[in-house]
Amino acid sequence: MSELSIVLKLARNDFSYFFRTKWLMAVLLSLNLSDMLVVALVYKRMMTFNYFSYFVPAVIIMGLFAASLDTGRRVWLALREGVIQYELSLPVSTQGIVFAYLIAGGAAAMVYSTSLMIIALIVLPAQSILSAFMLLPFLYVLAMGLAGLAAALAAVASTHGEFFFAFQNIMQGTLLTLSTVYYPIDVIKNVLPPILVTVVVANPLSLAAEALRQFTFAGSAIELGFLARIFLASVPFTIVGAVAYLWVLRKIQKEGKL
C-alpha cells in the first residue's frame, strides 16, 4: 500500500469523525443560524447601514472558522488517547500524518461552511453565484490554514490538557475580534490604534468575509489580487500548524510519549 493511499485513508477517517459528532454539528449550526437570522436582524435596526447584508456573509466565515478549529480538538484527543502512537506505527511518514489532518480539517470546514452559504443565499440573494464557486478554492486554503493553527494549539497544549479549550477560546475570540467580521473597517479605525488596524486588515478572516460581501453578494468583479491576499494570509497559519504538529510527532517517535 502506497503512502499516498494511507494518507488519504487517515484523512477520510478524520473527516468522517467530524460528522460522527452530531451534537457538535447541531450546536454549531444553531449558533451560526441564530447569528444569521436573529443577531443580524436585531442589529440592523440599530445601525445606520444595512447590517443584515453586511453580517450574513461573515457568518459563513465564522462557521468556517469554528469547523476548522474542531481539527484542534480531534488532534488533542488523538494525542491524549494514544491514537497517534498507532498512526505512527503505520508505513507513513510524520509529514503524511500531518498532511492528512490538514486535508481533513479543511474539507470538514468547507462542507460545513457550504451548508451555511446555501442558507445565506436563501435569506440574502446573491448577485453572482459564479463568484461563490470561484472563491471556494481560496476558502479551502483558509480552512486548511485555520485547521493548521488549531493543530498547532493542540500540539502545544497537549501536555496541559485542562487548558486546551481555554487556549482555543482565547485564540478564537482574538482572531474574530481583530477582524471585520462584526464591524466595518471604518468603525474599527475610529476605535483601535493604527497597529491593530493593520492586523485587522491583514487578518484572513477579514479578507474572506470581505470577498464574500463584495464578489458574491454585491456582485463586484473578482479581483485576482484580493484572492492572492487571502491565499498569502492563510498559508502562514498552515505552515505554523504543520511545523508544531510535526515537532510533537517526532518527539513522540523519539521518546515514546509527550
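Every number in this text was worked out from the coordinates using simple rules, so none of it is lab data. As the structure is a computational prediction, the values presented were derived from the model and not from experiment. Please note: Cβ atoms are built from the backbone with ideal geometry, for glycine as well, and neighbour counts cover all protein chains shown.
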Quick check on the exposure proxy: order Met144, Met25, Met36, Met110 from fewest to most C-beta atoms within 10 angstrom.
Met25, Met110, Met36, Met144
How many nm is it between the label spots at Ser5 and Val187, if each spot is 7 Å from the Cα in line with the beta carbon?
5.4 nm
Could you please report the charge total around Ala66, scoring K, R as +1 and D, E as -1 over all other residues with beta-carbon less than 15 angstrom from its beta-carbon?
0
Can you work out the FRET efficiency for the pair Ile195 and Ile118, with r the C-beta to C-beta distance and R0 = 30 Å, to the nearest 0.05?
0.20
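Rounded to a whole number of µm²/s, how large is the Stokes-Einstein D of the chain at 4 °C and 1.567 mPa s, given Rh as the Kirkwood radius over C-alpha pairs? Kindly include the intermediate steps, with their values, before the conclusion.
Numbers: Rh = 18.9 Å.
For these conditions, the coefficient is 68 µm²/s.
Output the relative contact order of the chain, whole-number percent, from Cα pairs under 8 angstrom with separation of 6+ residues. Intermediate values should be presented prior to the final figure.
Numbers: 321 pairs, mean separation 67.3, N = 258.
Once divided by the residue count of the chain, the mean separation gives 26 percent.
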Cβ density ranking, 10 Å radius, fewest first, applied to Trp23, Trp76, Trp247 yields Trp23, Trp247, Trp76
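How much net charge surrounds Ala150 when only other residues with a Cβ under 12 Å from its Cβ are counted (Lys, Arg +1; Asp, Glu -1)? Let's see the in-between values first.
Values: positive: Arg73, Arg74; negative: Asp70.
That works out to +1.
Relative to the present Cα-Cα distance, how much length would full extension add between Phe19 and Arg80 at 0.36 nm per residue of separation? Mind showing how you got there, number by number?
On the way: separation 61, 0.36 × 61 = 21.96 nm, distance 2.05 nm.
In short, 19.9 nm is gained.
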In whole Å, largest first, the alpha carbons of region 24-107 cover along the principal axes 59, 20, 14
Per residue convex hull volume, Cα only, region 74-119, in Å³ is 68 Å³
Just to be sure I understand: with springs between alpha-carbon atoms less than 10 Å apart, which residue in Phe163, Phe18, Phe65 has the highest mean-square fluctuation in the Gaussian network model of the chain?
Phe163
Using a ≥ b ≥ c from the Cα gyration tensor of region 68-209 (square roots of the eigenvalues), is it rounded, prolate or oblate, where a/c under 1.5 gives rounded and otherwise the larger of a/b and b/c decides, a/b for prolate?
oblate
Contour minus Cα-Cα distance for Leu33 and Val111 (0.36 nm per residue):
26.5 nm
